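Structure first, commentary second.
The values are calculated or read from the model by the stated rules, or taken from the named source; none is laboratory data. Small disclaimer: the values here were computed from a predicted structure and weren't measured. Every residue, glycine among them, receives a Cβ derived from its backbone with ideal geometry; neighbour counts consider all protein chains shown.
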Amino acid sequence: MNRMTAAEALCHALVAEGVDVVFGHPGGAILPFYDALYRVGAPRHVLMRHEQAAAHAADGYARATSRVGVCIATSGPGATNLVTGLATAHMDSVPIVAITGQVPSALRGQDAFQETDILGITIPVTKHGFVVERPEDLPAIVCEAFRIARSGRPGPVLIDIPKDVQNGPCVFAPAGAAGNGAVTAMAPWRPAHHTNGAAPQTNGKRPGPSHALRDAAALDAAAKLLNEARRPVIMAGRGVVVAGMADALRALAERADLPVVTTLLGLDAFPSTHPLALGMPGMHGTVRACRAIQRADVVLGLGLRFDDRVTGPTARFAPGAKIIHVDIDAAAIGRTVTPALRLVGDLRETLPALLERIAPADHADWWAELREWPRDAAPAASPGSAGAAAAGPLTARDAARALAARIAASGGIVATDVGQHQMLIAQELRDAAPGSHLTSGGLGTMGYALPAALGAALGRPDRPVWAVAGDGGFQMTLQELATVVQERIPVRIAVLNNGYLGMVRQWQELFYERRYSASQIAGPDFTMLARAYGIPARRVCHLAELADALEWAERAAGPALLDLRLPAEENVFPMVPPGAALDEIITAPDAEVAA
Ligand SMILES: Cc1ncc(C[n+]2csc(CCOP(=O)(O)OP(=O)(O)O)c2C)c(N)n1
Ligand SMILES: [Mg+2]
């Protein structure tokens, strides 16, 4: 038992949760915590240049490590700057704990300097929020916040602490803390009727079989549907990655010869070069994945939301299929598509239970049909044309392909931003290991890549980490180059620089008769900018120079930046036009490929 201030107890409580690094930016209302941090000396603090980036860094750290990420901000503008990052994490089920300072209790409700109701503002974009009213409550609240963030369907949790409460007396007993273990190891089983994370503590023990048995009838029914299916398809989402069940998914698919589609956030749940892999579904998915879904008689959805970018109009989604939707979040089931069967539960329970019930099968006729449709988004360049292509300008497709190959070959982690480059990397990345493809899928947050990569690099110092951003999104958070330098974070940065808000321009070209309204975007010379921050940089204009530049960046001892100059008007295909059904997918006209 140690007497101390609540601010000091907060430092100790974070350390007891296993937190090794926090991302934040100080200010008046959080100064007691920063003073305690100075005196306690732990956890490590990374000073971010903007609080949005602090939240993205915590998010990138969490996705790459399967641990809880932590971000810190002062009251008022510091706290509101976190909101986009919290919403990003909330949409993609990423466990983070955000700690905000608040004006002293006596001033609350007076529109005091830098007062804002951050709890109220963040209710729709967090899993839970706390205001700490009494200093002695702080350790238990921290413990509870971490438990909620990582349990069930993970998500962001806010802790708002008035300044006087931070200064108040507190007793800290470390025994209560659970340890910032992997989400997969710590998340307790959540029975179907709990929807807000309020599951009982299990002290990290795996649940017994009784819960699974309760759903035995639904599991039997799901297995029957799958065993009798002639054209089955598995759709796997981020839930498979969160649950750490990529191996079980593979076992299930291989046992019954089941084709596997992986969503943008589930790309790292199943190896993309596996013979059973169909690729990504949805707006920029593969023809094979999209057509398979439309022809399927049974769709098994595992840990995904069936969001609109994946389904297109739900009335025309998988028209011949009975859908089995398996998810830990009961509220996610039936929100968009109407399943024939609902299975609420933890994939660590439901997947093995399903596997037991699935009979070996062979779907040769189905595969004969599936193989008629291309699985690659774009054909590989023919060997004869390679020389000509190398001498010509670098295309976005070639840049993404080379980057993805390099990152995969080095066992790297990639954080992408939002836009054309994001879709190209998703299409080109091969066999990403779980936790190695980080992107803002649900919210589609530009500016995510650099701070997320920075957080991932601190969480996984053993792996090369790349930020791949467009020239538009990069300009939203490039101030974090200073953080990268100050903290000596060896993140590699590739800016896919087409001089446009490329994805917006693509829509304007295809659907607004080329009226490029506000989509042309100027930027600085990114190589000079990087050097101004102290980061070595290279510009690449031709494919022939790319391999060398990638190798140079990979070998750099610290951060490095590549400015990849691309043609202005290249489009990303395949594409399901907005409002169209998945089988109305269009592929690139020849002229596009050459453009
Ligand atoms: C914060 C935010 N603002 C606006 C958008 C809308 N948006 C989606 S993609 C895009 C263009 C991205 O341009 P760039 O970063 O250059 O990437 P590119 O598409 O050119 O690869 C925009 C503006 C968004 N997703 N996020
Ligand atoms: Mg661009």
Test: Arg150 is crowded, with 21+ Cβ neighbours inside 10 Å and of a type in the set (D, E, K, R): yes
Tally time: how many residues in region 134-157 are under 25 Å from the mean Cα position of the chain (by Cα) and part of a loop (DSSP other than H, G, I, E, B)? 5
Condition first: modelled with pLDDT of 95 or more, near ligand 1 (Cβ under 8 Å from one of its atoms), polar (S, T, N, Q) and touching a Leu at 6+ places or on another chain (Cβ under 7 Å). Can you find one or more residues in region 498-518 that meet it? yes
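Among the candidates Ala331, Ala318, Ala289, which residue alone is surrounded by fewer than 22 Cβ atoms within 10 Å (Cβ to Cβ) and either in contact (Cβ under 8 Å) with a residue 24 or more places away in the chain or part of a loop (DSSP other than H, G, I, E, B) (or both)? Explain how you work it out, then say what you get.
Values: Ala318 fails: surrounded by fewer than 22 Cβ atoms within 10 Å (Cβ to Cβ); Ala289 fails: surrounded by fewer than 22 Cβ atoms within 10 Å (Cβ to Cβ).
That would be Ala331, the only listed residue that is surrounded by fewer than 22 Cβ atoms within 10 Å (Cβ to Cβ) and either in contact (Cβ under 8 Å) with a residue 24 or more places away in the chain or part of a loop (DSSP other than H, G, I, E, B) (or both).
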Subset of region 465-487 that is within 12 Å of ligand 2 (Cβ to nearest atom) and buried (at least 24 other Cβ atoms within 10 Å of the Cβ) - its residue that is nearest to Thr84 (Cα to Cα): Gly473
Restricting to region 395-417, count the residues that are surrounded by 24 or more Cβ atoms within 10 Å (Cβ to Cβ) and within 16 Å of ligand 2 (Cβ to nearest atom). 5
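Could you tell me whether any residue of region 490-503 is closer than 30 Å to Ala292 by Cα and either polar (S, T, N, Q) or surrounded by 13 or more Cβ atoms within 10 Å (Cβ to Cβ) (or both)?
Step one: list which residues in region 490-503 are closer than 30 Å to Ala292 by Cα, which gives 502-503.
Retained after the next criterion (residues that are either polar (S, T, N, Q) or surrounded by 13 or more Cβ atoms within 10 Å (Cβ to Cβ) (or both)): 502-503.
Yes, region 490-503 contains a residue that is closer than 30 Å to Ala292 by Cα and either polar (S, T, N, Q) or surrounded by 13 or more Cβ atoms within 10 Å (Cβ to Cβ) (or both).
Is it true that Ala530 is within 28 Å of Met48 (Cα to Cα), within 16 Å of ligand 1 (Cβ to nearest atom), small (Gly, Ala, Ser) and touching a Leu at 6+ places or on another chain (Cβ under 6 Å)? Lay out the reasoning, then the answer.
Numbers: within 28 Å of Met48 (Cα to Cα): yes; within 16 Å of ligand 1 (Cβ to nearest atom): no; small (Gly, Ala, Ser): yes; touching a Leu at 6+ places or on another chain (Cβ under 6 Å): yes.
Considered against the rule, which asks whether it is within 28 Å of Met48 (Cα to Cα), within 16 Å of ligand 1 (Cβ to nearest atom), small (Gly, Ala, Ser) and touching a Leu at 6+ places or on another chain (Cβ under 6 Å), Ala530 comes out as no.
I need the full set of residues from region 454-480 which are β-branched (Val, Ile, Thr) and in contact with a Pro (Cβ under 7 Å, 6 or more places away or on another chain), in order please.
Thr477
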Considering only region 502-525, how many residues are among the aliphatic types (A, V, I, L, M), under 20 Å from Leu561 (Cβ atoms) and either near ligand 2 (Cβ under 10 Å from one of its atoms) or touching an Asp or Glu at 6+ places or on another chain (Cβ under 6 Å) (or both)? 1
Just need a number here: residues in region 488-501 that are more than 9 Å from ligand 2 (Cβ to nearest atom) and on the phi > 0 side of the Ramachandran plot. 1
Could you list, in sequence order, all residues of region 459-474 that are within 16 Å of ligand 1 (Cβ to nearest atom) and in a helix (DSSP H, G or I)? Asp471, Gly472, Gly473, Phe474
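To keep it simple, each residue is scored yes or no on (1) among the hydrophobic types (A, V, I, L, M, F, W, C); (2) at pLDDT below 95; (3) in contact with a helix residue (DSSP H, G or I) (Cβ under 8 Å, 6 or more places away or on another chain); (4) farther than 26 Å from Phe306 by Cα.
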residue	(1), (2), (3), (4)
Thr65	no, no, yes, no
Val68	yes, no, yes, no
Leu82	yes, no, yes, yes
Gln114	no, no, yes, yes
Thr126	no, no, yes, no
Take region 407-448 and flag every residue that is of a type in the set (Gly, Ala, Ser) and within 9 Å of ligand 1 (Cβ to nearest atom). Gly419, Ser440, Gly444, Gly447
Glu17 fails exactly one of (1) more than 22 Å from Glu133 (Cα to Cα); (2) in contact with a Phe, Trp or Tyr (Cβ under 7 Å, 6 or more places away or on another chain), namely (1)
Examine region 83-97 for a residue that is out of contact with any Lys or Arg (no Cβ under 8 Å at 6 or more places or on another chain), hydrophobic (A, V, I, L, M, F, W, C) and farther than 21 Å from Leu443 by Cβ, and state whether such a residue exists. no
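Wholly within region 1-65, which helices (runs of 4 or more DSSP H) include no fewer than the required count, namely at least 2 residues that are of a type in the set (Ser, Thr, Tyr)?
Numbers: elements: 6-16, 31-40, 51-65.
It comes to 31-40, 51-65.
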Considering only region 103-133, state which residues are in a helix (DSSP H, G or I) and under 22 Å from Ala7 (Cβ atoms). Ser105, Ala106, Leu107, Ile118, Leu119, Thr122
